[in-house]
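What follows is a short report on a single structure.
The values are calculated or read from the model by the stated rules, or taken from the named source; none is laboratory data. In this text, all values refer to a predicted model and were calculated from it rather than measured experimentally. In this analysis, Cβ positions are derived from the backbone assuming ideal geometry, glycine residues included, and neighbour counts consider all displayed protein chains. Ligands, DNA and RNA are stripped out before the accessible areas are found, and what is left, the full protein with its side chains, is counted by its heavy atoms. Shrake-Rupley method; radii C 1.70, N 1.55, O 1.52, S 1.80 Å.
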Amino acid sequence: MHGPALSGWLLVALCAATGVYCLLRTRVCDGEERRAAVGEAVMGFGMAAMALPAAALTPPEWGWTVYAAVFGAATLHGLLAVRHGGHHLHHLVGSLAMVYMAVAMAAPGAAGAHAGHAAGAAGGIPVLTGGLLLYYVAYVLRSGARLVPVTAAAGSGAGAAWTTSGSGAGAAWATTGGGGRAWASRPELTHACRLSMALAMLAMLVTL
């Protein structure tokens, strides 16, 4: 089916691109921010692999067990890291969602599990799927609002500020004429990366 295959490849490209960007972020940040970038890179590449159309690659039956094990380990790590606050709670929810999707597509009733993303063949628990969908819809709306630029009225009146409210980020990043921070560490790009992965997660959850 041309349509579903095309949407699958678009998801692969989106998730792989966010994974690469998150890897680049690990080179320009440290501490909790670096650990968050590593987690997001793993999530991006994992989602890219899971979104591959069945026509391109049909994984072995044990492949979904590997997915569940990898993101199960990420979930355990998230449980340990969530006490540090920041973005770790969102990473924990994302890891749980990946485990859930892998288990749902590995279930005996989900014939052609990998094709489930393209044809809606995979099965899941409606209440749990609905809860995750609501979470990601709210996250997408909130993240989109944080990317809205506002005109900077202070000083000489040049440049634009990007609001970064919530999640412990209270500072605003403003563009100036001179040299700024490295592009890989720009807050608005980080937010756009997270928004892209949330949209991709929504697209994958809808197929369950």
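Applying the selection to the stretch 5-22, what residues are crowded, with 17+ Cβ neighbours inside 10 Å and modelled with pLDDT under 90?
If we filter the stretch 5-22 for residues that are crowded, with 17+ Cβ neighbours inside 10 Å, which is where we start, we get 7-8, 11-12, 14-15, 18-19, 21-22.
Within the stretch 5-22, 7, 8 qualify.
There is no residue in the stretch 51-63 that is buried (at least 20 other Cβ atoms within 10 Å of the Cβ), in a helix (DSSP H, G or I), within 19 Å of the chain's Cα centre (by Cα) and in contact (Cβ under 8 Å) with a residue 24 or more places away in the chain.
Just to be sure, is residue 5 in contact with a helix residue (DSSP H, G or I) (Cβ under 8 Å, 6 or more places away or on another chain) and over 20 Å from residue 190 (Cα atoms)? So residue 5 fits the description; yes.
More than 22 Å from residue 96 (Cα to Cα) and among the aliphatic types (A, V, I, L, M) - does that describe any residue in the stretch 37-47? Outline the logic, then answer.
From the stretch 37-47, those more than 22 Å from residue 96 (Cα to Cα) are none; that's our starting set.
Scanning the stretch 37-47 turns up no residue that is more than 22 Å from residue 96 (Cα to Cα) and among the aliphatic types (A, V, I, L, M).
Just to verify a result, which residue in the stretch 34-50, among those that are in contact (Cβ under 8 Å) with a residue 40 or more places away in the chain and more than 12 Å from the chain's Cα centre (by Cα), is most open to solvent (accessible area, probe 1.4 Å)?
Among them, the one singled out is 35.
Would the stretch 66-77 turn up any residue that is open to solvent by less than 60 Å² (accessible area, probe 1.4 Å), at pLDDT below 85 and part of a helix (DSSP H, G or I)? No, because not a single residue in the stretch 66-77 is open to solvent by less than 60 Å² (accessible area, probe 1.4 Å), at pLDDT below 85 and part of a helix (DSSP H, G or I).
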